[in-house]
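Quick notes on the structure that follows.
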Amino acid sequence: MNLSRLWPLLLGTGITLGLGTPIAKVAAHHGVGALAFALWPTLAAGLLLGAIGLFRQGRPADLPRLVRFGSVAGLFGHALPMSAVFWLSSHAGAGFASFSLALPPVFTLLFTMLLGLERPALRRGVAVGLGLSGALLMLAGRGGSFEATPTLLAMALAIPVTIGAANIYRARRMPPGASGVWMSSMTLLASSSMLALAALAQGSIAPPLTAPALAWLALQAGVLTVGYLFYFALQRRAEPVTFSFIGYVMMLPGVTIGTFAFGERLPWTVWPAAALVFVALLLLQRPARAPMPLAVQRDEGAPV
C-alpha cells in the first residue's frame, strides 16, 4: 500500500465529513435538534445519490444484495454510533463523546488481528498508538472531561467497537461491481430509516421550518453527498486500519473553523497532536504483513 496515493482521499473524506461538527453547531443555534440534524441531511443525501446513480448507471444489477450491504453498513457504521454519540453528548458532554470517536482505529486493528486478516506488526501498533495519543492530546487541550459512570463508559466503548466492526464488514463484503454512488446511497438511506425511528421515539423529528435552519440542513446534505463519494472511494483502496484514520482527520475542520469562525481558543496541544497523527500516517505507508491462513476472504469478485 502506497499511502501517498491515498492522501487526497483520506484528507477529502475526513475534512468533508468533519465539516458536520461546525455545521451542526450553527444549525443548533437556529433550533435544529441533534437527531433532526442527523436524519434529514442523511435522507436527502441518500436520495440525491440514488437519483445520480439511477440517472448515470441505471438500476443496480443485484439490488437485494446491495440493500443488505447498505442496511448492515448503515446500521453499524452510521445510525447506531451516531445516535449513541448524540446520547452520550447529552449525558456526559461533547468531550467524552469525542473521546469515543478517537478509538475506532484501535478496535479496527484489534479485529483485523483477531479475524486473521493480518499478522500482528509492531509498526502498525505504534501507528495506531501515536494517532490515538494525538487525538487524546487534542481533546485534553480543549478541556474535555472523561469522568463517567460505568454505564456511560460502556456506551463510550460500544461506539468505537461498532465503528471498527463496520470498517471490517464494508471492506470484506462490498457487493461485486457495485459503484460507490449506489453503496453510498443505500448506506445513507438505510441509516436514515433507523435514525427516523430514533427521532420519532424522542419526538424530535421535525426541524424548524425557517430559512436559516433549512439552509444549514441543505448544506449538511451536500457535505454528506460529497463526503460519502470520497468515503467509498477510500474504502475500495485502503485496508480497514488506514481507512479508520479518517476519524483523526475529521477533528481538523472542527478545530480550525471553531478557532477562526467561532472565536474559540486554539489549544497549544494542536500542533504536537497534529504531528503525532502525521507520523502515525507515515508509519502506515509500509504494507501490513501477509494475512494468516484462516483469513476471512472478501466476497468473490468484490472490488478492491
(request) Whenever you get a sec, compute what percent of the accessible area on the stretch 1-77 sits on carbon and sulfur atoms (1.4 Å probe). (result) 68 percent
(message) Could you sort the peptides 58-65, 224-231 by per-residue average Cβ neighbour count (10 Å cutoff), highest mean leading?
(response) 224-231, 58-65
(message) For the ranges 68-78, 180-190, what's the packing order if you count other beta-carbon atoms within 10 Å of each residue, average per peptide, and put the highest first?
(response) 180-190, 68-78
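The values are calculated or read from the model by the stated rules, or taken from the named source; none is laboratory data. Everything numeric here is computed off the predicted structure, so don't read it as measured data. Cβ coordinates were reconstructed from backbone atoms using ideal geometry, including for glycine residues, and neighbour counts include every protein chain displayed. The protein model used for the area step is the full one, side chains on, heavy atoms only, and it has no ligands, DNA or RNA in it. Shrake-Rupley method; radii C 1.70, N 1.55, O 1.52, S 1.80 Å.
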